[in-house]
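Read through the structure below, which is laid out as structure tokens, and then see the notes.
Read the figures in this text as sums done on the coordinates, not as results from a lab. Note that the coordinates shown come from a computational prediction; the quantities given were computed from them, not determined experimentally. Note that each Cβ is placed from the backbone with ideal geometry, even for glycine, and that neighbours are counted across all protein chains shown.
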Amino acid sequence: MRQVEWAGHDTRFVLQKVQPALLGLMDGSVSTLAPLFATAELTSDPHKAFFVGLAASIGAGISMGLAEALSDDGRVTGRGSPVVRGLITGVATAVGGMLHTLPFLIRDIRLALYIAYVVVIIELLTIAYIRFHYMKTPLARTIVQVIVGGGVVFAVGLWLGSIGVGF
């Protein structure tokens, strides 16, 4: 693939490194919210929530890594080595899920939840910034998209957790 500059960045770098990492961070950050916060709401036990978040993060990392590695061989699209893309996506997915899971190592569920809320906000704003910086998505639009999407999944997790408490 011929190396081309796009919006001040090497397109090869964006396609082969940034895009798989962004995909993983987005999926890991958002897909683990519902099970993690539903578990925290259901059990009021931070360690149980931690292990659900850990399992969701690792499971999502493996799934997303394989999906990315198997999506194309990179020859036609110029997206590079499928193994490298898969590793980047898988690790970024696991990291994206673990960042807001780590606060649940704290024994106090309320403190763990407050810290996790702040971490989620930082994660979502970071994802929005990466989309703005590398993908040139307008910042206001990307913040709304990422925050609304993450917020909906987060709310579903809390809602399902609160329903489950009644059972």
Selection from 122, 160, 100 lying farthest towards where the dipole of the chain points positive, charges on Cβ: 122
With 10 angstrom as the radius, rank 115, 163 by how many other C-beta atoms surround their C-beta, starting from the fewest. 163, 115
At 0.36 nm per residue, and after removing the present C-alpha to C-alpha distance, how many nm does the segment from residue 163 to residue 75 gain when stretched out fully? 26.8 nm
Counting residues in the range 5-165 as N, plug N into 2.2 N^0.38 Å and put the Cα Rg over that result. 1.09
Taking each full run of DSSP H in the chain as one helix, which ones are at least 24 Å long along their axis (Cα atoms) and have mean Kyte-Doolittle hydropathy of at least 0.0? 46-71, 82-99, 109-135, 139-165
Which value at 222 nm does the chain reach when only helices count, each DSSP H run of 4 or more adding -39,500 (n - 2.57), with the total divided by all residues and rounded to the nearest 500 deg cm²/dmol? -25000 deg cm²/dmol
Can you tell me the dipole magnitude for the range 5-165 around its Cα centre, using point charges on the Cβ only (Lys, Arg +1; Asp, Glu -1), in Debye to the nearest 20? 200
Of 135, 63, 30, farthest towards positive along the dipole that unit charges on Lys, Arg, Asp, Glu beta carbons give the chain: 135
